[in-house]
Amino acid sequence: MREIHVSRSTVETLLEKGFKPKRSVVLTFGFDEEASGLFGAHNINKHLLTNYGENGFTMLIDEGAVMQEKFGAIIAAPAVGEKVFSTIDFTASPAEFLCTIK
């Protein structure tokens, strides 16, 4: 529940200060991520794909799991994933291993 409050407070503060994002910002909150994600995250995924398409987002930011005390403050390290596409061909035999990245 704390994550919802912190995320909303952050967005509200940015808007109050006149921040205008160049792209849409979408906040989603699941309820069963640690258990399986079959109901929350699964349905969020279906909704996002239906409404924004497969390439509708540039990046995903998750709350992450790392919180550390540094510089006299508690710092959260969010998990950030940027959309990237690559094709990797693997060929393997007992004597050698070859990997080609295109």
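Rounded if a/c is under 1.5, else prolate if a/b is larger than b/c, else oblate: which is segment 9-66, with a ≥ b ≥ c the root eigenvalues of its Cα gyration tensor?
oblate
Within 10 Å of each candidate Cβ there may be at most 12 other Cβ atoms; applying that plus a DSSP loop requirement, which GluC sites (Glu not before Pro) in segment 1-52 survive?
Loop-located and lightly packed - Glu34.
Output the peptides 17-28, 35-46 sorted from most to least packed, where packing is the average of other Cβ atoms within 10 Å over each peptide's residues.
Those peptides, ordered most packed to least, come out 35-46, 17-28.
Throughout, read-outs are computed from the coordinates displayed, never taken from laboratory work. All values derive from a computational prediction rather than experimental measurement. Every residue, glycine among them, receives a Cβ derived from its backbone with ideal geometry; neighbour counts consider all protein chains shown.
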